[in-house]
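The block underneath contains the structure these notes are about, expressed in structure tokens.
Just so you know, all these numbers are worked out from the coordinates, no wet-lab data involved. Bear in mind that the values here come from a model prediction, so they are computed numbers and not experimental data. Cβ placement follows ideal geometry from the backbone for every residue including glycine, while neighbour counts extend to all protein chains displayed.
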Amino acid sequence: MSADPNDACARDGCTFFPMLVPVGDWILPAAHCSHACADYVWLERTLAAAPRTNATPDALEAMEELRQLLDERQAPTDVGPLVEF
Ligand SMILES: [Zn+2]
């Protein structure tokens, strides 16, 4: 396995390798190692773009707990998707 940091998951602090996704006849690396990391980054961006309210500190605290949960994983899929669409 390559140790090139450029190959790691796009979420800050995550060292897993991106998951592979089938695109037509190809298997390509995604930007993130798991749905959990992709969802985390999406939540982080959504929260950063949202107007600040009384609920913002609670949301930031919840994000910090989520980040710790993701950082403690032994495998990318230890935590499933965070957002259901
Ligand atoms: Zn990741």
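The stretch between THR15 and ASN54, if pulled fully straight at 0.36 nm per residue, gains 10.7 nm over its current Cα-Cα span.
Among PHE16, PHE85, the order by Cβ neighbours within 10 angstrom, fewest to most, reads PHE85, PHE16. Shown for the chain is the translational diffusion coefficient from the Stokes-Einstein equation, using the Kirkwood radius over Cα pairs, a temperature of 10 °C and a viscosity of 1.306 mPa s: 113 µm²/s. Measuring nothing but how far apart in sequence close Cα pairs (under 8 Å, 6+ apart) lie, relative to its length, the chain scores a relative contact order of 27 percent. A Förster distance of 25 Å, applied to the separation of the beta-carbon atoms of ARG45 and ASP71, puts the FRET efficiency at 0.85.
Sites listed here are GluC sites (Glu not before Pro) in the chain whose DSSP assignment is loop and whose Cβ has at most 14 other Cβ atoms within 10 Å: GLU72, GLU84.
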